[in-house]
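Participant: Dropping the structure in here first, questions after.
The values are calculated or read from the model by the stated rules, or taken from the named source; none is laboratory data. Bear in mind the structure is a predicted one, so any value in this text is a computation, not a measurement. Note: ideal-geometry Cβ built from the backbone for every residue, glycine included; neighbour counts use all protein chains shown.
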Amino acid sequence: MPRDEFEEDDPMELVGVALPDGDPEELASSIVEEFIRMGLSDPELLGLFHNPFYAGPHTIWRSRGDEYVRGLIDRGRERWGFPRFATKE
């Protein structure tokens, strides 16, 4: 637990930044892969891209559209399927 009060200019605060280079296709595929492996369903994944809170996926969806995102999800499912999780006690 932190012992000090939160500071507005905290140098350890997590900050996301856009990078000028990189492959948008690879980024989009990585996002889909990550959330497939976390167990999200296809409608949940598509909803994530529709939600402006998730700036990266939402930007991809706005620029490429539903058909593109559905294709990403389909390709991700071909590779990872539908992960199932079990709880052991």
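Participant: Residues of region 14-23 being modelled with pLDDT of 75 or more and either surrounded by 10 or more Cβ atoms within 10 Å (Cβ to Cβ) or closer than 29 Å to PRO83 by Cβ (or both), which ones?
Facilitator: The answer is GLY22, ASP23.
Participant: Going through region 40-83 one residue at a time, which ones are basic (Lys, Arg) and either without any contact (Cβ under 8 Å) to a residue 40 or more places away in the chain or at positive phi (or both)?
Facilitator: ARG62, ARG64, ARG70
Participant: Which ranges mark the helices (runs of 4 or more DSSP H) fully within region 39-87 that have 1 or more residues being among the basic types (Lys, Arg) and over 15 Å from GLU26 (Cα atoms)?
Facilitator: Correct list: 55-64, 66-80.
Participant: For GLU26, indicate whether it is loosely packed, with under 11 Cβ neighbours inside 10 Å and part of a helix (DSSP H, G or I).
Facilitator: yes
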